[in-house]
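**Student:** Please find one structure pasted underneath; my questions will follow.
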Amino acid sequence: MENLTVDFMWMQLLVNSLALGSFYALIALGFALIFGVTRTFNLAHGELILLGGYISYFLFKGAGIHILWTLPPSMLALLGAALVLHAILRRVREPYELNTLVVTFGLALVLQNAMLVIFTADYRLIGHGRQFFLESLDAYVSDTQITVFLTSLLATLSVHFLMRRTFLGKALRATIQDREAARLAGIHVDHMTLIAFGTGGALIGLAGPLYAQTTYLHPFGGSEPTLLAIIVSIFAGVGRTRGLLLGGWLLGTIESATVFFLGSSWREMVSAMILIGLLLLRPEGLWSERSKPGREA
Amino acid sequence: MAAEEAHIVLSMENVGVMFDSQPVLKGIDLAVEEQTIVSIIGPNGAGKTTLFNVICGHVRPSVGRVFYRGREITRKQPHEICHAGISRTFQIPRPFPEMTALENVQMGIWFGKEAHADRGSEAPPTAADLLEIAGLTHKGQTRAKELTLSEQRRLEVARALGTRPRLLLLDEIAAGLSPSAIRQAVELVRNLREHGLTLLIIDHFLNLTARVSDRLIALDNGEIIVEGKPSEVLNSPSVIASYLGERSPEPRMAETEGV
Amino acid sequence: MLWPLFVPGGDLYCRVLGWSFFFAALALAWNILALTGSISIGHTAFFGLGAYTSALMSHYTHLSPFICVILGGASGMVYGALWHFVFKPLRGARFALATLASVEIPRVIVDNWEGLTFGSLGLVGIEAFPGVQPGGMDLSPGESLKSQYYLLLFMMASYLLIHHRAVRSRWGWAMRAVREDETAAGSIGVPVHRIRFCAVTFSAALTGICGAVYSHLMGLIEPSLVFSLHLSAMPLVLSIFGGRYQIAGPVLGSLILYPLDQLFFHAWFPSAHAALYGLVIVLTLIHFPSGIGTWLQKKLT
């Protein structure tokens, strides 16, 4: 009898981790694409996801549109927002990586306060959907978890095939690996940058509504998804789309376990420590071709 | 230490360096005598600059030991090695870009070797003196990033001299310079030895190294393949095979490119 | 600077100007690290640690607030030393990111260790600074705005003095060398690690003191207030806007932006006035990355 409950608990933990992890991969997808191609360090990533979430929330609650039909407007709006971001960041000077980090840090503050004015400080949630018991998995599963899991899988695999199987993907990957060499090979790097921002924005717009189904929206809640996106992207390494799923699942498992064993209040600290650990131990993840201190050629 | 080793300034014992599990230097043994000019030659990627980085503490060797005047300096930090009396220039010049030429040299004087008891009562050089040696007197107030490549190289030499080194490491001093600038460089190098310095030079420009060096060390694939008198090394079959054979046009290119 | 003595009734201006001195001090403290080229977006960690250490010491031991403030600075310093050793290999964007993440650790601990810190409810009734009588004047920063004004003015002046020493001394040149080219600095004998260590611990200690002073002046603190993105952003924005390579740059930034925020933006957009700082940093980095002072100088000549 006791053994049974233990088994049940582990299955539930596994299902939750998988769902959470897929959610993280989805959150990271837009960040990873933009960072990989353009070296832009977008600290306003989480705020953009929130923006998508709010758009979906108000379309859903206000206009009564089905949740799935809120995806296209959100994606379109965020695509536009990403292009605006691109227009701003184009003017940033060297050192580009650090300066985009600081500029988007400022943009995050602007967006937070703008959202506070427009959407007020109320916590909002689209709703968890139905929850039911799946005999085959021996665990409770919700509508939202299934939607998130499928969307994430679909989006990640689409990006993966875009990168691996199409001509555009080849050009994007070449740009990721070496901007200068790509330019010399006749690839229009500025177009690639634009495409990366556009696609990344659309992916952020896809993540937003699902975020609003999973987590409460609050104008100041953006820094957490930003950190999660960075963690998953560093873990995966630049240009490795499938790695995002793996990284998401691993992080989801660690976080689920943290919540389970320590309580939800320690989760943010664990993510922060994972991020610091990854920055120290996996410098080649995000910064493969960067010079490392004390190691000049 | 035996008396015959007393005039050895720098020695390395079995030094090896690995980058990402790739060996960059393997089993390097060398000894540099006081007041000599030793040149290190070898094709790109042979490990010449890494050797300098190991000596100056910018890269920690995976194995082996480095000695300066009988004292081990293997795990010392760059500034400690500088204070001991070793200074260097870089392959791509690295002056402090926002500082003026004069300020750059002054930095060397301020932060270099502090006590120089072994020099007796000789007054330390001033920044103006050093700029004059480097032929940059008229550029003293120019910001370093606005100088030409050749001027930046000479500025780096002046800054390095400001630290009052006994051993000076020059990385690619002649690359990208015009023939007349190279003649100036040769003069400068000879002058420095007259003043009691020991020099270790990396250069692709074989005419320069052959003219001024007392000894040549040929590196290839991270190993010393030949060392000895310039004429011996340059005529050695393995050097010709690994370096001159496939890269003979390079010394000529060094003459034509640049300023 | 001494006008509150003669202008009675200017309470609002007295308060705003006083706090702009406070944020100038915060920006000067931040800038001491920035002088070595490291941009931090996590200085609120030191601020919060300083505020909590000082407030809790005062709460549990009833030591004089002045002593507690010093201890608050020490706690910031310890965390700064930890930054130095843990983040040693990180530079640029990676360092900045690590500083951002490092805020979460003390914040979550303070949030959860309710037995010691009262958790997310925060700490109220923190002892105010006692009155002092320097040169016959009667100052009690806990009670009068004027005294608070002088305390903050004194604080900014001492920070400015330290900052001046940090820029103009031999140490200042060493920091500049590290900022411009770390490898070259090492090769000419600048003790790079020692310089970086001193810069980060000094900057952290001074920021911790700011947090501690804040807690005693406000009388209440809570984790979300003293460990906030806003407090990490403030010194960065003020410093970069004012000009971070100039001695008085951070002060200039604070004296312009904070009154602008409090006297105008706050009146126009009461709930979103903090957006001003975000907007300013974006415009600054794009249009005049070396700061408004240098930019104006260039425009005028």
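The values are calculated or read from the model by the stated rules, or taken from the named source; none is laboratory data. Please read all numbers here as calculations on a predicted model, not as lab measurements. Methodologically, a virtual Cβ is constructed for each residue, glycine included, from the backbone with ideal geometry; neighbour enumeration extends over all protein chains shown.
**Student:** Search region B:70-110 for residues being among the aromatic types (Phe, Trp, Tyr) and in a loop (DSSP other than H, G, I, E, B), and hand back the single one that is nearest to the other protein chains (Cβ to nearest Cβ).
**Tutor:** B:PHE96
**Student:** Still on this structure: Would you check which residues across region B:189-214 are surrounded by fewer than 19 Cβ atoms within 10 Å (Cβ to Cβ) and within 25 Å of B:GLY85 (Cβ to Cβ) and list them?
**Tutor:** Result: B:ARG190, B:ASN191, B:ARG193, B:GLU194, B:HIS195, B:GLY196, B:ASP214.
**Student:** Further question on the same structure: Identify the residue in region C:170-184 that is facing chain B (nearest Cβ under 8 Å) and part of a helix (DSSP H, G or I) and, among all such residues, is nearest to B:ARG88 (Cα to Cα).
**Tutor:** Here is the first cut: in region C:170-184, the residues facing chain B (nearest Cβ under 8 Å) are C:170, C:173-174, C:176-177, C:180-181, C:183-184.
This time we only want the ones that are part of a helix (DSSP H, G or I), so: C:170, C:173-174, C:176-177, C:180, C:183-184.
Values: C:ARG170: 22, C:TRP173: 20, C:ALA174: 18, C:ARG176: 20, C:ALA177: 16, C:GLU180: 18, C:THR183: 11, C:ALA184: 9 Å.
Here the answer is C:ALA184.
**Student:** Tally the residues that are within 7 Å of chain A (Cβ to nearest Cβ) and either more than 17 Å from A:ALA44 (Cβ to Cβ) or touching a residue at least 60 places away in the same chain (Cβ under 8 Å) (or both), restricting the search to region C:267-299.
**Tutor:** So the count comes out to 3.
**Student:** Checking B:THR36 against (1) under 27 Å from C:HIS193 (Cα atoms); (2) surrounded by fewer than 21 Cβ atoms within 10 Å (Cβ to Cβ); (3) β-branched (Val, Ile, Thr), only one condition comes out false. Which one?
**Tutor:** Every condition holds for B:THR36 apart from (1).
**Student:** Taking region C:90-125 only, how many residues are at the interface with chain A (Cβ under 7 Å from one of its Cβ atoms), of a type outside the set (A, V, I, L, M) and more than 16 Å from A:GLU224 (Cα to Cα)?
**Tutor:** 5
**Student:** Taking region A:122-156 as the region of interest, how many residues are touching a residue at least 40 places away in the same chain (Cβ under 8 Å) and closer than 19 Å to A:GLY243 by Cα?
**Tutor:** Final tally of qualifying residues: 7.
**Student:** Still on this structure, please answer the following. Can you find a residue that is over 21 Å from C:LEU161 (Cβ atoms), over 18 Å from the mean Cα position of the chain (by Cα), crowded, with 17+ Cβ neighbours inside 10 Å and aliphatic (A, V, I, L, M) anywhere in region C:250-258?
**Tutor:** There is no residue in region C:250-258 that is over 21 Å from C:LEU161 (Cβ atoms), over 18 Å from the mean Cα position of the chain (by Cα), crowded, with 17+ Cβ neighbours inside 10 Å and aliphatic (A, V, I, L, M).
**Student:** Working only within region C:99-127, note down all residues that are crowded, with 16+ Cβ neighbours inside 10 Å, in contact (Cβ under 8 Å) with a residue 40 or more places away in the chain and part of a loop (DSSP other than H, G, I, E, B).
**Tutor:** Matches in region C:99-127: C:VAL103, C:GLY122, C:ILE126, C:GLU127.
**Student:** Another question about this same structure. What's the number of the condition B:ARG211 fails, among (1) over 30 Å from C:TRP171 (Cβ atoms); (2) assigned to a loop (DSSP other than H, G, I, E, B); (3) modelled with pLDDT under 80?
**Tutor:** (2)
**Student:** Looking for whichever is at pLDDT below 85, surrounded by 17 or more Cβ atoms within 10 Å (Cβ to Cβ) and polar (S, T, N, Q) here; the options are A:THR199, A:THR241. Which one fits?
**Tutor:** Sole residue among the options that is at pLDDT below 85, surrounded by 17 or more Cβ atoms within 10 Å (Cβ to Cβ) and polar (S, T, N, Q): A:THR241.
**Student:** Which of the residues belonging to region C:216-231 are crowded, with 24+ Cβ neighbours inside 10 Å and closer than 27 Å to A:GLY222 by Cα?
**Tutor:** C:ILE221, C:PRO223, C:VAL226, C:PHE227, C:LEU231
Residues checked against (1) crowded, with 17+ Cβ neighbours inside 10 Å; (2) at pLDDT 90 or above; (3) of a type outside the set (Gly, Ala, Ser):
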site: A:VAL159; (1), (2), (3): yes, no, yes
site: A:ASP178; (1), (2), (3): no, no, yes
site: A:ALA182; (1), (2), (3): yes, no, no
site: A:ALA236; (1), (2), (3): yes, no, no
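**Student:** Among (1) in a helix (DSSP H, G or I); (2) over 25 Å from A:GLY263 (Cβ atoms); (3) out of contact with any Lys or Arg (no Cβ under 9 Å at 6 or more places or on another chain), there is one condition C:ARG94 misses while meeting the rest; what is its number?
**Tutor:** With (1) in a helix (DSSP H, G or I); (2) over 25 Å from A:GLY263 (Cβ atoms); (3) out of contact with any Lys or Arg (no Cβ under 9 Å at 6 or more places or on another chain) applied to C:ARG94, the lone miss is (3).
**Student:** How many residues, within region C:202-232, are within 11 Å of another protein chain (Cβ to nearest Cβ) and within 10 Å of the chain's Cα centre (by Cα)?
**Tutor:** 1
**Student:** Which residue is nearest to C:LEU283 (Cα to Cα), if the candidates are limited to region A:90-124 and must be in contact with a Gly (Cβ under 8 Å, 6 or more places away or on another chain), of a type in the set (A, V, I, L, M) and surrounded by fewer than 23 Cβ atoms within 10 Å (Cβ to Cβ)?
**Tutor:** Among them, the one singled out is A:VAL110.
**Student:** Output yes when any residue across region A:58-76 is buried (at least 23 other Cβ atoms within 10 Å of the Cβ), within 14 Å of chain C (Cβ to nearest Cβ), modelled with pLDDT of 90 or more and within 17 Å of A:PRO225 (Cβ to Cβ), and no when none is.
**Tutor:** Scanning region A:58-76, I find no residue that is buried (at least 23 other Cβ atoms within 10 Å of the Cβ), within 14 Å of chain C (Cβ to nearest Cβ), modelled with pLDDT of 90 or more and within 17 Å of A:PRO225 (Cβ to Cβ), so the answer is no.
**Student:** Out of region A:91-107, which residues are under 22 Å from C:SER232 (Cβ atoms) and at the interface with another protein chain (Cβ under 7 Å from one of its Cβ atoms)?
**Tutor:** In the first step, residues of region A:91-107 are kept if they are under 22 Å from C:SER232 (Cβ atoms); the result is A:92, A:95-107.
Answer for region A:91-107, where residues must be under 22 Å from C:SER232 (Cβ atoms) and at the interface with another protein chain (Cβ under 7 Å from one of its Cβ atoms): A:VAL92, A:PRO95, A:GLU97, A:LEU98, A:ASN99, A:LEU101, A:VAL102, A:VAL103, A:PHE105, A:GLY106, A:LEU107.
**Student:** Restricting attention to region A:28-45, and to residues there that are among the aliphatic types (A, V, I, L, M) and within 11 Å of chain C (Cβ to nearest Cβ), which single residue is surrounded by the fewest Cβ atoms within 10 Å (Cβ to Cβ)?
**Tutor:** Keep residues of region A:28-45 that are among the aliphatic types (A, V, I, L, M), which gives A:28-29, A:32-34, A:37, A:43-44.
Subset that is within 11 Å of chain C (Cβ to nearest Cβ): A:43-44.
Values: A:LEU43: 29, A:ALA44: 25.
Here the answer is A:ALA44.
**Student:** I'm trying to understand the selection: among the residues of region C:83-98, which are closer than 16 Å to C:LEU206 by Cβ and crowded, with 24+ Cβ neighbours inside 10 Å? Step through it out loud before you land on a result.
**Tutor:** Narrowing region C:83-98 to residues closer than 16 Å to C:LEU206 by Cβ: C:83-84.
Passing the criteria: only C:TRP83.
**Student:** In the set A:LEU280, A:LEU228, A:LEU286, which member is farther than 14 Å from A:GLY21 by Cα, out of contact with any Cys (no Cβ under 6 Å at 6 or more places or on another chain), at pLDDT 85 or above and within 14 Å of another protein chain (Cβ to nearest Cβ)?
**Tutor:** One residue alone meets the criteria, A:LEU280.
**Student:** Of (1) at pLDDT below 85; (2) under 15 Å from the mean Cα position of the chain (by Cα); (3) buried (at least 24 other Cβ atoms within 10 Å of the Cβ), B:LEU177 satisfies all except one. Which?
**Tutor:** Of the numbered conditions (1) at pLDDT below 85; (2) under 15 Å from the mean Cα position of the chain (by Cα); (3) buried (at least 24 other Cβ atoms within 10 Å of the Cβ), the odd one out for B:LEU177 is (2).
**Student:** Would you call C:VAL167 within 14 Å of chain B (Cβ to nearest Cβ) and touching an Asp or Glu at 6+ places or on another chain (Cβ under 7 Å)?
**Tutor:** no
**Student:** Given the options A:LEU203, A:LEU245, A:LEU217, A:LEU210, name the one that is touching a strand residue (DSSP E or B) at 6+ places or on another chain (Cβ under 6 Å) and more than 14 Å from every other protein chain (Cβ to nearest Cβ).
**Tutor:** On the way: A:LEU203 fails: touching a strand residue (DSSP E or B) at 6+ places or on another chain (Cβ under 6 Å); A:LEU245 fails: touching a strand residue (DSSP E or B) at 6+ places or on another chain (Cβ under 6 Å); A:LEU210 fails: touching a strand residue (DSSP E or B) at 6+ places or on another chain (Cβ under 6 Å).
None of the other options fit; the residue is A:LEU217.
**Student:** While we're here: Which of the residues belonging to region C:138-170 are of a type in the set (A, V, I, L, M, F, W, C) and surrounded by fewer than 18 Cβ atoms within 10 Å (Cβ to Cβ)?
**Tutor:** Step one: list which residues in region C:138-170 are of a type in the set (A, V, I, L, M, F, W, C), which gives C:139, C:145, C:151-157, C:160-162, C:166-167.
Scanning region C:138-170 gives C:LEU145, C:PHE154, C:ALA157, C:LEU161, C:ILE162.
**Student:** Can you name every residue in region C:43-82 that is part of a loop (DSSP other than H, G, I, E, B) and either charged (D, E, K, R) or surrounded by fewer than 24 Cβ atoms within 10 Å (Cβ to Cβ) (or both)?
**Tutor:** Answer for region C:43-82, where residues must be part of a loop (DSSP other than H, G, I, E, B) and either charged (D, E, K, R) or surrounded by fewer than 24 Cβ atoms within 10 Å (Cβ to Cβ) (or both): C:HIS62, C:LEU63, C:SER64.
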